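J.: Shown below is the structure under consideration.
Derivation of every value follows stated rules applied to the coordinates shown; laboratory data play no part. Keep in mind it's a predicted model, so treat the numbers as computed, not measured. Every residue, glycine as well, gets a Cβ built from its backbone with ideal geometry; the counts of neighbours run over all protein chains shown.
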C-alpha cells in the first residue's frame, strides 16, 4: 500500500507555518522530533510570519534574522528575547536549513515535492570564534552534590545521572523507570529523547545505581512512569526547573555563577575524564554520533593527562 506524503499546499505557495506543520508531523511519526525544532519554529514564525511564503526567504532575510538575534530585537508574545551569541544563531539557522532540505525531498500526495528547490542559495551561518565551553571541576561537583538533595531530591538525582552518564539533561529528564534496570545495571536511552535520534543501552555505574535506588525508596516509581514527572502526568518535568535548581544549588554551595555553565558541563567532564580511553568507547557511552565531535568540542585533556601521555612517549615512538 502506498504511503501518502503531506498534502499539497492549497490555494497558494507553501508558507512557513505549513512547512513546519508538515515537518513536525513527519518527525513525530518516526520518533525524531526534538524540542529544539519547536523552539526554533516559534522564533522563525514570530520574525518572518507563519503566513510568509517559504520561497520569499533569501540571504537578505537571514541577515535580518541574525541581526535581530544578535541585538535582542526579536519579539515573541510581546516580549523581546535577549541577545544571543553566534552559537545560538548557528543552531537555529542549522535547524531551518534542515527543515528546508527535508521539504525538497518530501513528496506530497500528488507526487510533487513539498518544496521544489532551496530558497536560500548561500548560507552564511555565524560560528563562534571563541566558544565558551566551561567544564565542571571535580571539587565543584562534590560541593554541589553535598547540597543537591536539600535543594530537591529530583535535582540531586538528575545531577548524579548527568555526571555518571555524561548524557544531555533532556535525555536524563525524560527517562522512565523501565529504562533503568538496577539489576542488570543498564540504562536504555530512547531514540526519541536523543538529539541525534539514535537509541542505545549503556552500563550503569555503581553511583548511578545507588542514586536511583535511594530516590526510588523516597518517591516510589514503577513501569513506564516518568522518573522526573511534570505537572501533567503525560509530561516529564520541564528543563527550566532543573536550571532553576542548578542556580539555587550553586548559591547554597557558595560557588560563583559561571556564564554559559549548566548541566552540559557534566557532559564535557565525562568526555574529558575519559580522554585517554578508546574513542569508540567514549562515543558509545556519551551517545555522540560522530567521534570528531568528542575530540574537537567536548574533550579538554588536563595537564596531568597530557603529562601521563608524555611519560609514555618513548613507548609510543618505538611502537610498543
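J.: So what is the relative contact order for the chain, in percent, with contacts set as C-alpha pairs under 8 Å and at least six apart? If you can, show how the numbers build up before the last one.
T.: Numbers: 388 pairs, mean separation 50.3, N = 320.
Worked out over the chain, it gives 16 percent.
J.: Something else: Tell me, what is the FRET efficiency for residue 257 and residue 128 to the nearest 0.05, using R0 = 22 angstrom and their Cβ-Cβ distance as r?
T.: Efficiency at R0 = 22 Å is approximately 0.60.
J.: Return the FRET efficiency for the residue pair residue 279, residue 142: r is the Cβ-Cβ distance, R0 is 30 Å, and the value is rounded to the nearest 0.05.
T.: So the FRET efficiency works out to roughly 0.60.
J.: Where a ≥ b ≥ c are the square roots of the eigenvalues of the C-alpha gyration tensor, would you call the stretch 1-131 rounded, which needs a/c under 1.5, or, failing that, prolate if a/b is larger than b/c, or oblate?
T.: Note, shape of the stretch 1-131 comes out prolate.
J.: Next question. Quick check on the chain: take the gyration tensor over C-alpha atoms, sort the square-rooted eigenvalues as a ≥ b ≥ c, and tell me if it's rounded (a/c under 1.5), prolate or oblate.
T.: Prolate, because a/c is 1.5 or more and a/b exceeds b/c.
J.: Between residue 198 and residue 32, how many nm apart are label points set 7 Å from Cα along the C-beta direction?
T.: About 1.4 nm, to one decimal.
J.: Another question about this same structure. On full extension of the chain, what length is gained from residue 121 through residue 235, given 0.36 nm per residue of separation minus the C-alpha to C-alpha distance?
T.: 37.1 nm
J.: Further question on the same structure: Quote to one decimal, in nm, the extra length available between residue 302 and residue 53 on full extension: 0.36 nm per residue of separation minus the C-alpha distance between them.
T.: 84.6 nm
J.: Then there's this: Estimate the FRET efficiency between residue 295 and residue 109 by the formula 1/(1 + (r/R0)^6), using the beta-carbon distance for r and 41 Å for R0, to the nearest 0.05.
T.: Computed FRET efficiency for residue 295 and residue 109: 0.35.
J.: Full-extension gain between residue 24 and residue 150, please, as 0.36 nm times their residue separation minus the C-alpha to C-alpha distance.
T.: Values: separation 126, 0.36 × 126 = 45.36 nm, distance 3.91 nm.
That pair, residue 24 and residue 150, stretches by 41.4 nm at full extension.
J.: When ranked by the protection proxy of mean other Cβ atoms within 10 Å per residue, highest first, what sequence do the peptides 240-251, 163-174 form?
T.: For the peptides 240-251, 163-174, the packing ranking is 163-174, 240-251.
J.: So what is the 222 nm mean residue ellipticity for the chain from helices alone, if each DSSP H run of at least 4 adds -39500 (n - 2.57) and you divide by all residues, rounding to the nearest 500 deg cm²/dmol?
T.: Computed ellipticity for the chain at 222 nm equals -15000 deg cm²/dmol.
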